[in-house]
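Input: a single structure, listed below in structure tokens.
The values are calculated or read from the model by the stated rules, or taken from the named source; none is laboratory data. Bear in mind the structure is a predicted one, so any value in this text is a computation, not a measurement. A quick note on method: Cβ atoms are made from the backbone with ideal geometry, for glycine too, and the neighbour counts reach across all protein chains shown. Ligands, DNA and RNA are stripped out before the accessible areas are found, and what is left, the full protein with its side chains, is counted by its heavy atoms. Shrake-Rupley method; radii C 1.70, N 1.55, O 1.52, S 1.80 Å.
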Amino acid sequence: MEEQVVIFAVPFSYLIMARSEVANDKNYYAAAQNCHNKKSGAYTGEVSAEMLHSVGIRYCIVGHSERREYFNETNDILAEKLNLCLEYFINPIFCCGEPLSIREAGTENEFVEKQLRESLFHLPEEKIIEVVIAYEPIWAIGTGKTATTEQAQEMHAHLRSILAGQFGKNTADEISILYGGSVKAGNAKELFSCPDVDGGLVGGASLVADDFIQIIRALK
């Protein structure tokens, strides 16, 4: 994705409102925070990719760390979600990342490679370029530990090398890889200056309008 876009991932109840708010603004979109991994059926309360498509949603977060932890979403389940999003012309924002125990064991590279391999590697080249990757250093979120800019770039470069090994360098270079480890107004510019960091998956800072505006401007 060469052009810069701003995507607001809001709860289901606000999706239509958010989409209408940005409908006339170029490169601004609304995204769902999740979708169901089945195309249809008796799944009361779930929201399918087809439903999202029916209301004009073009992006959906898949595999956020909280979904993986609290809802036991496996790599295979996430592969199903990716397939359905792509079938309904929705760009998945695929989250990956390692917890503290994995980082302390020094096996983070193998851990994230498994996540990518089991959820993404079945896709053909023309589909993988529609996927956005978001790296979440789970070990640095709410633990009191901080990921450095160097650590962010190191992992992003590793993720891109994994993609290059499967799909080729040219394709890997086309895939946006976002950083989701407490992006703030104060560190956004430094993070976004890293060669393999293409943007941010912003959490709490997006709730403060002035801070989020600064983060958006740091992309330029």
Within the range 23-37, can one find any residue that is open to solvent by 20 Å² or more (accessible area, probe 1.4 Å), of a type outside the set (Asp, Glu), under 24 Å from residue 158 (Cα atoms) and touching a residue at least 24 places away in the same chain (Cβ under 8 Å)?
no
Residue 4 being within 20 Å of residue 215 (Cβ to Cβ), modelled with pLDDT of 95 or more and under 21 Å from the mean Cα position of the chain (by Cα)
no
Could you look through the range 121-143, keep only residues that are in contact with a strand residue (DSSP E or B) (Cβ under 7 Å, 6 or more places away or on another chain) and outside any strand (DSSP E or B), and pick out the one that is most open to solvent (accessible area, probe 1.4 Å)?
130
May I ask you to list the residues in the range 59-107 that are crowded, with 16+ Cβ neighbours inside 10 Å, out of contact with any Phe, Trp or Tyr (no Cβ under 8 Å at 6 or more places or on another chain) and of a type in the set (D, E, K, R)?
67, 68, 73, 80, 81
Condition met for residue 219 (assigned to a helix (DSSP H, G or I) and closer than 23 Å to residue 131 by Cβ):
no
Is the range 178-189 home to any residue that is surrounded by fewer than 18 Cβ atoms within 10 Å (Cβ to Cβ), at pLDDT below 95, β-branched (Val, Ile, Thr) and on the phi < 0 side of the Ramachandran plot?
no
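For (1) assigned to a loop (DSSP other than H, G, I, E, B); (2) farther than 22 Å from residue 75 by Cβ, each residue gets a yes or a no:
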| position | (1), (2) |
| --- | --- |
| 4 | yes, yes |
| 7 | no, yes |
| 16 | no, yes |
| 20 | no, yes |
| 30 | no, yes |
| 34 | yes, no |
| 38 | yes, no |
| 44 | yes, yes |
For the range 190-207, the count of residues that are surrounded by fewer than 19 Cβ atoms within 10 Å (Cβ to Cβ), in a loop (DSSP other than H, G, I, E, B) and at pLDDT 90 or above equals 3
Of all residues making up the range 144-159, the number that are without any contact (Cβ under 8 Å) to a residue 12 or more places away in the chain and either surrounded by 15 or more Cβ atoms within 10 Å (Cβ to Cβ) or assigned to a helix (DSSP H, G or I) (or both):
2
With the requirement that a residue be farther than 21 Å from residue 218 by Cβ and in contact (Cβ under 8 Å) with a residue 12 or more places away in the chain, what does the range 161-196 give you?
162, 163, 166, 167, 168, 171, 172, 173, 174
Which residues, taken from the range 92-113, are under 12 Å from residue 78 (Cβ atoms) and either basic (Lys, Arg) or in contact (Cβ under 8 Å) with a residue 60 or more places away in the chain (or both)?
93, 95, 96
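Table: residues versus (1) in contact with a Cys (Cβ under 8 Å, 6 or more places away or on another chain); (2) among the small types (Gly, Ala, Ser).
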position	(1), (2)
126	no, no
138	no, no
177	no, no
180	yes, yes
209	no, yes
215	no, no
Those residues of the range 166-177 which are open to solvent by less than 30 Å² (accessible area, probe 1.4 Å) and within 16 Å of residue 94 (Cβ to Cβ), in sequence order
167, 171, 172, 175, 176, 177
